[in-house]
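Engineer: Questions regarding the structure given below will be posed in turn.
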Amino acid sequence: MNWTGKNIVLGVTGGIAAYKSAEVVSRLRHLGACVHVIMTKNATEFVAPLTFQTLSANAVVTDTFSAPEYWNVEHVALAKVADVFVIAPATANILAKMACGIADDMLSTTVLATKAPVLVAPAMNTGMWTAEATRQNVETLRKRGVRFVGPGTGILACGDEGAGRMSEPAEIVEKIGEILAGENDLAGLKVLVTAGATRERLDPVRFLTNDSSGKMGFALAEAARDRGAEVTLVKGSTTAPVPENVRIVAIESAADLLAAMKKETPKQDIVIQAAAVADYRPAAASKTKIKKKAGEPLTIVLEENPDIAKTIGKTKKQGQTFVGFAAETDHVIRHAEEKLAAKNLDMIVANDVTKPGAGFNTDTNIATLITKEAKKELPIMSKRQLADVILDEVLGLRI
Ligand code: CTP
């Protein structure tokens, strides 16, 4: 990893662990990075700005009104310059401000404005870290793509024991290196992900659908976005929070999905189809609400939907990589291999949805990645982790 010329903006907030951040600066400088420090007012109560100024060899910014003159657009200059934006230590307060988009000092303003990947190293009392408000803020930030390092567990400055210790400087620097190295491995690539369930209309107030939450497709869209891809998310009905900073194409039925895919697929380098598509739709959708006929059974005739993956599989061009999913309950590998071939896919992500921790509506998944050449059985992992593994494999296939 070549650190020379990399700009790391380090936000320091008011916690006793602020003294450890001096070592973060020192390590980054030794590696050849350029470090810019922004301190909150409270941080300056713990460590003097001069410490960071000396170690970084750059002026330290402490509030919105004393920015150095060489800044072009004062409050966003560092936001633009950052290759990685790190906040260490990050107090519960800064996490809450970031989650809400509050910009009332230089650090919160700059981090709100940045497009760089953001890494936070929380440090606080265990009670504050485990408080429901902080939990929700962390969840919100993670969903937006903010990375976390730590906190670790141990004896805290207040004498309590538990989670809340800031990660060690070496670990924080390692994480920054990982972000810089992995950050842009999808840069320049267009990635399309389908997610969620289709809805097949029965009448104006009813439809047929399935249990898909959209979580797996969203995790893929977020991971691809974070790795520098230009992401199009073709989204059916979902219950999970929708990713930010991706282009969204909303669809309802399988027919809509097919139309969207015919239009969007030719422009893409990588197409990952995680949507749960209904195989059948009501043969005739009623324009008016179907009325109850007491005592009589209702028969709904279903007709087959197009197989979208199969249809677009036929249009695959040189340089395009297509990935599908196979949620199965039996003969998982055999069924998935048949789909890999039938739909002209380069890889299929097979999972046994009967296993606890796999399938619809969970935050984890247990998958086997199958290509024509190999099968890779993966352990249980979060959908976000699986998304990154899938993207790693896809990049491997494209070499
Ligand atoms: N798929 C699709 N169009 C359909 C059905 C599925 O594009 N009408 C895609 C899904 O997005 C997924 C893959 O094909 O990537 C496999 O979906 P799955 O429902 O497991 O397979 P089916 O082909 O529908 O087979 P079956 O339902 O019989 O298992």
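Engineer: Output yes when any residue across the stretch 278-290 is outside the structural domain of ARG147 (by TED's automatic domain parsing), away from the ligand (no atom under 14 Å from the Cβ), closer than 30 Å to ASP392 by Cα and not in a strand (DSSP E or B), and no when none is.
Structural biologist: no
Engineer: If you don't mind, another one. What is the number of the single condition among (1) touching a helix residue (DSSP H, G or I) at 6+ places or on another chain (Cβ under 7 Å); (2) among the hydroxyl-bearing types (Ser, Thr, Tyr); (3) not in a helix (DSSP H, G or I) that THR311 does not meet?
Structural biologist: Going through the list (1) touching a helix residue (DSSP H, G or I) at 6+ places or on another chain (Cβ under 7 Å); (2) among the hydroxyl-bearing types (Ser, Thr, Tyr); (3) not in a helix (DSSP H, G or I), THR311 breaks only (3).
Engineer: I've got another one for you. In the stretch 307-335, which residues are within 12 Å of the ligand (Cβ to nearest atom) and in contact with a Phe, Trp or Tyr (Cβ under 9 Å, 6 or more places away or on another chain)?
Structural biologist: Result: ALA309, ILE312, GLY313, ALA327.
Engineer: Name every residue in the stretch 86-117 that is part of a loop (DSSP other than H, G, I, E, B), in contact (Cβ under 8 Å) with a residue 12 or more places away in the chain and touching a Ser or Thr at 6+ places or on another chain (Cβ under 8 Å), in order of residue number.
Structural biologist: Selection gives THR91, ASP105.
Yes or no, residue by residue, for (1) closer than 21 Å to SER212 by Cβ; (2) under 28 Å from the mean Cα position of the chain (by Cα):
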residue: PRO306; (1), (2): yes, no
residue: LYS316; (1), (2): no, yes
residue: GLN320; (1), (2): no, yes
residue: GLY324; (1), (2): yes, yes
residue: ALA327; (1), (2): yes, yes
residue: ASP330; (1), (2): yes, no
residue: HIS335; (1), (2): yes, no
residue: LEU345; (1), (2): yes, yes
residue: VAL353; (1), (2): yes, yes
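Engineer: Please verify whether the stretch 334-346 includes one or more residues that are of a type outside the set (Gly, Ala, Ser), at pLDDT 95 or above and on the phi > 0 side of the Ramachandran plot.
Structural biologist: Checking the stretch 334-346: at least one residue is of a type outside the set (Gly, Ala, Ser), at pLDDT 95 or above and on the phi > 0 side of the Ramachandran plot.
Engineer: Criterion first (part of a strand (DSSP E or B), within 30 Å of ALA274 (Cβ to Cβ) and of a type in the set (A, V, I, L, M)) does VAL120 satisfy it?
Structural biologist: Criteria met by VAL120.
Engineer: Mind listing whichever residues of the stretch 263-277 are within 16 Å of the ligand (Cβ to nearest atom) and surrounded by fewer than 17 Cβ atoms within 10 Å (Cβ to Cβ)?
Structural biologist: The answer is LYS263, and nothing else.
Engineer: Filter the stretch 24-36 down to the residues that are more than 27 Å from the chain's Cα centre (by Cα) and in a helix (DSSP H, G or I) and list them by number.
Structural biologist: Scanning the stretch 24-36 gives VAL25, SER26, ARG27, ARG29, HIS30, LEU31.
Engineer: Same structure, new question: So, in the stretch 1-23, exactly how many residues are more than 18 Å from ASN184 (Cα to Cα) and not in a strand (DSSP E or B)?
Structural biologist: Total meeting the criteria: 11.
Engineer: Turning to a different aspect of this structure: Taking ASP346 as the residue in question, decide whether it is crowded, with 20+ Cβ neighbours inside 10 Å and among the acidic types (Asp, Glu).
Structural biologist: Yes, satisfied.
Engineer: Something else: Regarding GLU328, is this residue out of contact with any Pro (no Cβ under 6 Å at 6 or more places or on another chain), without any contact (Cβ under 8 Å) to a residue 24 or more places away in the chain and assigned by TED's automatic domain parsing to the domain that holds ALA221?
Structural biologist: Criteria not met by GLU328.
The values are calculated or read from the model by the stated rules, or taken from the named source; none is laboratory data. Values in this document were obtained by computation on a predicted structure and should not be read as measured data. Using ideal geometry, Cβ is built from the backbone for each residue, glycine included, and neighbour counts are taken over all protein chains shown.
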